[in-house]
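What follows is a short report on a single structure.
Taken together, the values in this text are just the output of simple stated rules run on the coordinates, not laboratory data. It should be emphasised that the depicted structure is a prediction, and the values quoted were computed from it without experimental measurement. FYI the Cβ positions are ideal-geometry reconstructions off the backbone, even for glycines, and counts take in every protein chain you see.
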Amino acid sequence: MLFEKLNLIKPIQRALNTEGYEKATPIQAKAIPPLLEGRDLLGCAQTGTGKTAAYAIPILQGLSFGQGNTKGRRQIKALILAPTRELAIQIGESFDAYGKHLGLRKLVIFGGVPQNPQTNALARGIDILVATPGRLLDLMNQKFISLNNIEYFVLDEADRMLDMGMIHDVRKIIKHIPETRQTMFFSATMPTEIAKLSETILKNPVTVEITPVSSTVDIIEQTIYYVDKKNKMNLLIHLLKNKEIISALVFSRTKHGADKIVTALEKAGLKAQAIHGNKSQNMRQLALNNFKERKTRILVATDIAARGIDVDELSHVINFDLPEVPETYVHRIGRTGRAGMGGIALSFCDQEEKPLLRDIQKLIDKVLPVVEDHPYPLMETQIKPSTTDRARKAFAPKAADPNNLRKSRRTSAEKHKRSKWDQAR
Ligand code: AMP
């Protein structure tokens, strides 16, 4: 649907033209009309679908109508809660872009940085506040922020807030927001606790479900590289030497792992930077800016730090480790293929990660193609038993175990060539 058809005011239309947006994405086409009518919204959508504009545009339009009604210092009328500073910054940038001709004031606040610049800006008066829960609560407790005038409330990436242990803070914040308001609730997944929270804060909402997980990932070219754990680094270096990879976001399960990858890449002459929770806010922002501006080609990230990273035309996502939670795979690869554009996602899978791959394929309802032709094919065929497994075995009777038999038969078969079924897994 064209934006022209959505009854948007001229200054917003103009800003969207400058951004180069002509057509509304599906979530925008479905969410903007009811939001303009003042309805509450439950959006099941993830980053990459255009959901920020889906709520930012109606909020901006609503606020622009109310402009001039109030005298004195500006009061916060729209609150957007986001789980990470990166996402908060990006949401702020979206409000700036779509609202550039409206003269509204916005502020983004998050923790890990001095609060003075934030409290100074608050003292001058703002219309729109984008915040992470911890810092918001902190400044509310210090009486720098009042939510008494909130008319629009957005909870973005609610499931992520649950994952990150923020849901308690979110509940406390909600208690301070007036009952009469328009609420927009976004979550990529709907765990029970999130569904319950949405029921308590939304009034007769319109539900917009945009990303049945499989359709989002359809536009992204995905492949699997079976590789031994010890060879993952060599394979990564080998792949990244290919200049056709214009920009790559490499995912590591741990912060320590991310640092190790960067060190190994740099040793191999490949410029890379890491972004994770142990880095200072400034270092993270610098790494992200360098990546966005193409000064670094490779960014290595952990899941939490990468959430909300929005880099136009990111060509490759590389899963150095497979995630424990299958939905995370979808979030990761969704960093590429933004707003309907294609992208490439390569995933390494060692022997122990095969069950994780199986779960991912079940979730996306797809068998991912395997790249066989690479210099570090999987050689190890047996899962190393964990300590507890080993202990259990030590006490187990030595009688023939049919499972072991099956395992050893498969092992020898795999020595020659993995079965078709296994390759497809
Ligand atoms: P989001 O899901 O809000 O993170 O948006 C994903 C990306 O899509 C961002 O880079 C937006 O700038 C871009 N985008 C949002 N809406 C549109 C649109 N209607 N047309 C083109 N790009 C868009």
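Applied to the stretch 359-374, the Karplus parametrisation 6.51 cos²θ - 1.76 cosθ + 1.60 on θ = phi - 60° returns per-residue 3J(HN,Hα) values of 5, 5, 5, 5, 5, 8, 6, 8, 9, 7, x, 9, 8, 8, 8, 8 Hz, with x for Gly and Pro. Each peptide in 226-233, 15-22 gets a packing score, the mean of other Cβ atoms within 10 Å over its residues, and the list from highest to lowest is 226-233, 15-22.
Close amide-amide hydrogen proximity is noted between V208 and L42, G43, C44, each under 5 Å apart and 5 or more residues distant or on a separate chain (H modeled in the peptide plane; Pro and chain starts excluded). Take the Cα of N149, go 7 Å toward its beta carbon, and the backbone nitrogen atoms of the stretch 34-67 under 18 Å from that spot belong to 59-67. The amide H of V130, built 1.01 Å from its N in the peptide plane, has I80, L107, V108, I109 as neighbours under 5 Å, considering only residues 5 or more places off or on other chains.
What's the exposure ranking of V208, V317, V370, going from fewest to most Cβ atoms within 10 Å? Kindly include the intermediate steps, with their values, before the conclusion.
Details: V208 23, V317 26, V370 18.
With the fewest neighbours first, V208, V317, V370 line up as V370, V208, V317.
Which entries of K100/K295; K23/K271; K30/K295; K292/K362; K106/K143; K100/K279 show an alpha-carbon separation above 30 angstrom in the structure shown? If you can, show how the numbers build up before the last one.
Details: K100/K295 28 Å; K23/K271 37 Å; K30/K295 38 Å; K292/K362 33 Å; K106/K143 19 Å; K100/K279 32 Å.
In this structure, K23/K271; K30/K295; K292/K362; K100/K279 lie more than 30 Å apart at Cα.
Backbone phi angles across the stretch 287-295, fed through the Karplus curve with coefficients 6.51, -1.76 and 1.60 (θ = phi - 60°), yield HN-Hα couplings of 4, 5, 5, 4, 5, 4, 8, 6, 6 Hz in residue order; Gly and Pro are listed as x. Residue by residue, the stretch 133-148 carries 3J(HN,Hα) couplings of x, x, 5, 4, 4, 4, 6, 5, 4, 7, 6, 7, 10, 10, 9, 4 Hz when phi is fed to the Karplus relation 6.51 cos²θ - 1.76 cosθ + 1.60 (θ = phi - 60°); x denotes Gly or Pro. Going by neighbour counts of Cβ atoms within 10 Å, the residues R39, R284, R14 line up, fewest first, as R14, R39, R284.
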